[in-house]
């Protein structure tokens, strides 16, 4: 091959490299009959209903786990701390200070002691459990669980009826799933919800969670301060009852001289320790009863309340989706609901269990 032929060959190769790429071949639209779309809409509604029921089971299991961990750490961390001799001595000092600075306010020491105990309960029980799981996390996990199931079922519906997924996606872009606008960022279609990665990053979903929180579902333990009230009341009154003889004993010890006074003070401290030890079973029983009753009420509200509980996000989106498809999914006259064939997803066991 001579030089001229080589140059020509190189130019041909280079010309082939810069040739404009072929335009992508567009997939022609498949003609879908109105009756097929109606059947698809019915099955989306049924899929949403099935996903909601599966999510309820998931959320209940997660809430059971959260409650178990709270009870465990109450027994392991809070009750031993509260019942210890040195904690009781520290609480006595606090009650003394609260009483001196009350300025005549009724039940001031009890209220301030309850607030202090609530801070300790948050630190020793609720915060450590929240590292693992808490109602806010369960709210988001439940919503994502519902959306994942629905997304899988949409794929099955597409295949079952021969509807290209692109055309199904175009249809569900017109189905509202979150409608909290204006502004429009607070709205989201079914398509946006099922393809959000992750769901928490979708501005409309963030607005929905904020709405749920404002309605009363932030943490679900706001009433724990109510549970601390009887515990603080009992502790405060017992401590105040001890303060009078303690003051008298100190005066006698001072008058008796340094050596005798030290012995008397040790004796009084020993008596206080015995009183506290004798009172310990009753105090612990009161803590368990008061915290348990109040916590169980808060737990039940979180599980059952449709607007502020852990299912609130799921129920809102399901209501929007099913409500907006209700008209187009209405079966023809004379067609019984039992004639609608649909197989819900059975992939629950593949999800992450709490």
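By the beta-carbon count within 10 Å of each Cβ, the least crowded to most crowded order of 310, 194, 303, fewest first, is 303, 194, 310. Peptide packing for 32-40, 148-156 was compared via the average number of neighbouring C-beta atoms within 10 Å per residue; ordered from the highest value, the list is 148-156, 32-40.
Most tightly packed first, judged by the mean number of other beta-carbon atoms within 10 Å of their residues, the peptides 79-91, 181-193 read 181-193, 79-91.
Only the coordinates and a few stated rules stand behind these numbers; no lab work does. Every value quoted in this text rests on a predicted model; they were computed, and no experiment measured them. Neighbour counts run over all protein chains shown; Cβ positions are idealised from the backbone, glycine included.
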